[in-house]
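Since the structure comes first, as structure tokens, the remarks are kept for the end.
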Amino acid sequence: METKDVLKQLRKHSLLSQSDFAEEVGVSFSTVNRWENGRAIPNYKTLKRIKEYCERNNIEFELDSILKEEKS
């Protein structure tokens with residue numbers, strides 16, 4: 001699964017709009033929109049905040065698989 005799909009699935013699983021998810025992880029709405037459309041990817045610092053969000057909300061998030069995908 002591509003990073004854009006993982007992030008979109010995570011957001012929808014959390015029942016959040018792109019704006020609400022952006023606020024949760026400290027980025028803008030347009031940034032989340034670019035991630036979900038495959039035009040950008042989160043940097044490591046932001047991925048770490050996404051992982052922390054998931055931990056606070058008991059959501060399984062595979063940061064390692066995203067990092068491996070982005071390196072290839």
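The values are calculated or read from the model by the stated rules, or taken from the named source; none is laboratory data. Quick caveat, the model's predicted, so the values are computed rather than measured. Backbone-built Cβ (ideal geometry, glycine too); neighbour counts: all protein chains shown.
Return the residues of the range 22-72 that are modelled with pLDDT of 90 or more, exposed (fewer than 13 other Cβ atoms within 10 Å of the Cβ) and among the basic types (Lys, Arg); say none if nothing qualifies.
39, 45, 56
Among the residues of the range 1-21, count how many are surrounded by fewer than 17 Cβ atoms within 10 Å (Cβ to Cβ), of a type outside the set (Asp, Glu) and in a helix (DSSP H, G or I).
Of the residues in the range 1-21, 5 are surrounded by fewer than 17 Cβ atoms within 10 Å (Cβ to Cβ), of a type outside the set (Asp, Glu) and in a helix (DSSP H, G or I).
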